[in-house]
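The values are calculated or read from the model by the stated rules, or taken from the named source; none is laboratory data. Just so you know, these numbers come straight off a predicted model, no measurement behind them. Glycine gets a Cβ as well: all are built from the backbone with ideal geometry, and neighbour counts include every protein chain shown.
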Amino acid sequence: MAFKGAIEIDAPHCKGCGVCVANCPTGSIRLSRMVNSKGYNYAEMIGDACIGCSACALVCPDSVITVYRVKI
Amino acid sequence: MDIAEIKRPENIVYRKPALITDNVMHYCPGCSHGTVHKLIAEVIDEMGIQESTIGISPVGCSVFAYNYIDIDWEEAAHGRAPALASATKRLCPDKHVFTYQGDGDLASIGTAEIIHACSRGENIVVIFINNGIYGMTGGQMAPTTLIGMKTSTTPYGRDPRLNGFPMVIADMISHLDGTAYITRQSVHTAAAVRKAKSAIRKAFEYSEKNIGLSFVEIVSTCNSGWKMSPVAANSWMVENMFKKYPIGDIKDVLK
Amino acid sequence: MAEKILMKGNEAIAISAIRNGVDGYFGYPITPQSEVMETLMKEKPWETSGMVVLQAESETSAVNMIYGGACCGKKVMTSSSSPGVSLMCEGISYMAGAELPCVIVDVMRGGPGLGTIQPSQSDYDMIVKGGGHGDFHNIVIAPASAQDMYDFVDWGFDLAFRYRNPVIILADGIIGQMMEKVEMHPVKPRRTAEDILRDAPWATTGKTAGRPRNIITSLSLDSDIQEVFNQKLSRKYAEIEAKEVKYIEYLTEDAEYLFVAFGCASRICEAAVDELRQDGIKAGLLRPVTLYPYPFTRVSELSARMKSVMSIELNLGQMVTDVRLAVEGRCPVGFYGRQGGNIFTPEEIVDAFKKFNNLK
């Protein structure tokens, strides 16, 4: 069974720690070149390889990632 | 299938736990505290025990834990959380009582309180964050600081002749008959987070069985105190902290 | 007629706790008050009223146990003696800062340091003026008999919950150890969970859907918020000072000379007053029952018509500072005391009185 996923990041509250980036098995997250109002390079989803595995959200200390997943 | 179609409420598989408040955490980027708070909030929510849970927060970075998990909280003096928890649980035996303590709090100033709470077999849960350093006061040596590790009070590295040896609390208390479940976990990867959550859930479940104290140590990072990026701190933890503080269950009286 | 039983002051504390619906006692052995916990353990109240009794690993832990118990809105208490109370000062300050009700009994012994195990009143300054770091007051009540020990437990909890403030029963080794007849009042049941929800809505009883989470803390990192809190405490203390001052006078109506003494010293002083009266000297006594709030106004009023006021204490002169503040120079203020666990006789007080007042 294959999955397709997506994540939504609460960018204003992301601290740009990058732990999600290091934990993503599909390379679907990066730290933006933009900064939020706190000055952090917030995380953002890239590409369409996300499988909705939630690894990024599980390790996110600030609970800013919501994960969506559908079977395809 | 485009992303807009996937991002529908019915497809949500992970979101901020219901019992994590909207207060922005004061922790540094990448700090393990936030991840552990989240796991505790999830376990309390999933067990349906919000109304019966009382948390005891410590002194240290997690002094403000009470701002982040939506339960009743008691804020203890430095190291004294197990004393508060002991009385709270004995006076309110139908409650789930847990302390949340760092290594400065639990392993230094609070050694008497934790050891005797373990020894008495208090039916409480202790969450022990071990990052080998004092975070809140600015990165000083903790009892758990590794040999050679640089901190603001061991600027040339911890020297056992000067500073003594790292204290391995979880193993020490495993020899006390009042402890029921002792485990050491981490939260640096998704798999580790899942295991840590199971351990925390087990600890809360054991506290309902009146079989003694359950102790979950989380080997953690303090990237600010360690002066590393959050990702580098996780790698350093795996390479160095895990050697002294290996991950896994140490004691389980029901096994 | 109510039952009267012969018992030690320390035993009266324990029996009173059980009979007055106290929820928990947490303590650590120290002479001269160990009978409090020993009596509780012998009585096994957990089998009757459900009261929890626990021997802690230290006074530090004991006071933090009552901090935890008080957070839950429970009636909790501890007892100790001077060196142990020094260790408890941390917890007392935290409880004052978190506005928690509790009763702490200090059965004073001679100090400083390990000192002696004999009676003393040398913790007056520590308990009345401080009892921990920061800007706060304990409510301090001073028993002078085994009956007081019994009665003050219930009165102490009444004050502690009315003002959400630590209450210290400042006793001494004489009152703790001496046996007297104690009248038992009717038993009060422990409060139910519903009572606690009603009387202590601030307590950590478990967050329910109907209310925000209850957080018991003494922490605020913002100096403006802390100042607002300090001023709130100040208003509370002003109310306590206005409403709760308690003292007992003995032969003060026509007195020309006033003694001020609290606790066991007041009883010895009473005998000294009687002796002086037999000599035709019009002496009287004021015994402060509350040491905080202190009866400044009454001492001040009385001093206006006195030839002198003497503070009689089992220490080097601690309460005398407050007596001087109350007298404000209206008449000479003297002091007589014994230290190190020694106790004065009425004759010694009479001699000191005559010497101070140049009387033969």
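Is it true that C:Gly337 is among the small types (Gly, Ala, Ser) and surrounded by 16 or more Cβ atoms within 10 Å (Cβ to Cβ)? For C:Gly337, the condition - among the small types (Gly, Ala, Ser) and surrounded by 16 or more Cβ atoms within 10 Å (Cβ to Cβ) - is met. The residue that is nearest to the chain's Cα centre (by Cα), counting only those in the range C:98-111 that are surrounded by fewer than 24 Cβ atoms within 10 Å (Cβ to Cβ) and among the small types (Gly, Ala, Ser), is C:Gly111.
Picking from residues in the range C:87-102 that are in contact with a strand residue (DSSP E or B) (Cβ under 6 Å, 6 or more places away or on another chain) and outside any helix (DSSP H, G or I), the one that is nearest to the other protein chains (Cβ to nearest Cβ) is C:Ala98. Look at the range B:50-66: where a residue is free of Cβ contacts under 8 Å to residues at least 40 places away in the same chain and a partner is polar (S, T, N, Q), sitting 6+ places away or on another chain with Cβ atoms under 6 Å, you get B:Glu51/C:Thr208; B:Ala65/B:Ser57; B:Tyr66/B:Ser57. Assess whether B:Ala77 counts as being under 19 Å from C:Ala203 (Cβ atoms), within 7 Å of another protein chain (Cβ to nearest Cβ) and in contact with a Cys (Cβ under 9 Å, 6 or more places away or on another chain). For B:Ala77, the condition - under 19 Å from C:Ala203 (Cβ atoms), within 7 Å of another protein chain (Cβ to nearest Cβ) and in contact with a Cys (Cβ under 9 Å, 6 or more places away or on another chain) - is not met. One residue alone among C:Leu233, C:Leu251, C:Leu276, C:Leu258 is on the phi > 0 side of the Ramachandran plot, away from every other protein chain (no Cβ under 14 Å) and not charged (D, E, K, R), and that residue is C:Leu251.
Residue-wise test of (1) under 26 Å from B:Tyr27 (Cβ atoms); (2) out of contact with any Ser or Thr (no Cβ under 6 Å at 6 or more places or on another chain).
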position: B:Met136; (1), (2): yes, yes
position: B:Pro143; (1), (2): yes, no
position: B:Asp159; (1), (2): no, yes
position: B:Leu162; (1), (2): no, yes
position: B:Ile169; (1), (2): yes, yes
position: B:Asp177; (1), (2): no, yes
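Restricting attention to the range A:1-41, the residues that are surrounded by 18 or more Cβ atoms within 10 Å (Cβ to Cβ) and more than 25 Å from B:Cys222 (Cα to Cα) total 5. Here are C:Ala238, C:Ala265: which of them is surrounded by 13 or more Cβ atoms within 10 Å (Cβ to Cβ) and in a helix (DSSP H, G or I)? Going through C:Ala238, C:Ala265 in turn, just one is surrounded by 13 or more Cβ atoms within 10 Å (Cβ to Cβ) and in a helix (DSSP H, G or I): C:Ala265. Would you confirm whether any residue within the range B:172-181 is more than 14 Å from every other protein chain (Cβ to nearest Cβ) and of a type in the set (D, E, K, R)? Yes, the range B:172-181 contains at least one residue that is more than 14 Å from every other protein chain (Cβ to nearest Cβ) and of a type in the set (D, E, K, R).
Out of A:Lys4, A:Lys15, one residue alone is within 9 Å of another protein chain (Cβ to nearest Cβ), of a type in the set (Lys, Arg) and under 17 Å from B:His26 (Cα atoms). It is A:Lys15.
The set of residues in the range C:201-233 being surrounded by fewer than 13 Cβ atoms within 10 Å (Cβ to Cβ) and closer than 30 Å to C:Ile141 by Cα consists of C:Pro201, C:Glu227, C:Val228, C:Gln231, C:Lys232.
Of the residues making up the range B:11-48, those that are of a type in the set (Val, Ile, Thr), in contact (Cβ under 8 Å) with a residue 24 or more places away in the chain, at the interface with another protein chain (Cβ under 9 Å from one of its Cβ atoms) and outside any strand (DSSP E or B) are B:Thr21, B:Thr35, B:Val36.
Where the second residue is aromatic (Phe, Trp, Tyr) and surrounded by fewer than 23 Cβ atoms within 10 Å (Cβ to Cβ) and the first is in contact (Cβ under 8 Å) with a residue 40 or more places away in the chain and more than 7 Å from chain B (Cβ to nearest Cβ) and lies in the range A:59-72, which pairs have Cβ atoms under 7 Å and are six or more apart or on separate chains? So the pair list comes out as A:Lys71/A:Phe3.
Considering only residues in the range C:59-86 that are of a type in the set (D, E, K, R) and under 17 Å from C:Phe161 (Cα atoms), the one that is nearest to the other protein chains (Cβ to nearest Cβ) turns out to be C:Lys74.
Of the set (1) over 17 Å from the mean Cα position of the chain (by Cα); (2) over 17 Å from B:His33 (Cβ atoms), all apply to B:Pro230 but (2). The residues of the range B:93-147 that are buried (at least 24 other Cβ atoms within 10 Å of the Cβ), free of Cβ contacts under 8 Å to residues at least 60 places away in the same chain and within 14 Å of chain C (Cβ to nearest Cβ), listed by number, are B:Thr99, B:Gln101, B:Asp105, B:Gly110, B:Glu113, B:Ile114.
For the range C:112-140, residues that are buried (at least 24 other Cβ atoms within 10 Å of the Cβ) and among the acidic types (Asp, Glu) total 1.
Taken over the range C:191-222, the criterion of being at pLDDT 95 or above, of a type in the set (Ser, Thr, Tyr) and under 17 Å from B:Trp73 (Cα atoms) is satisfied by C:Thr204, C:Thr205, C:Thr208, C:Thr217, C:Ser218. Among the residues of the range B:153-194, how many are out of contact with any helix residue (DSSP H, G or I) (no Cβ under 7 Å at 6 or more places or on another chain) and in a strand (DSSP E or B)? The qualifying residues number 0. Screening A:Arg33 on (1) basic (Lys, Arg); (2) touching a Cys at 6+ places or on another chain (Cβ under 9 Å); (3) more than 10 Å from every other protein chain (Cβ to nearest Cβ) shows it passes everything except condition (2). If you go through the range C:40-86 and pick out every residue that is in a helix (DSSP H, G or I) and of a type in the set (Val, Ile, Thr), you end up with 4. Scanning the range B:158-171 for residues that are free of Cβ contacts under 8 Å to residues at least 24 places away in the same chain and surrounded by 14 or more Cβ atoms within 10 Å (Cβ to Cβ) returns B:Arg158, B:Asn163. When A:Ile51 is tested against the conditions (1) crowded, with 22+ Cβ neighbours inside 10 Å; (2) touching a strand residue (DSSP E or B) at 6+ places or on another chain (Cβ under 8 Å); (3) of a type in the set (A, V, I, L, M), the lone failure is (1). Residue count for the range B:233-251 satisfying the condition of being within 14 Å of chain A (Cβ to nearest Cβ), over 16 Å from the mean Cα position of the chain (by Cα) and either closer than 22 Å to B:Ala203 by Cβ or hydrophobic (A, V, I, L, M, F, W, C) (or both): 3.
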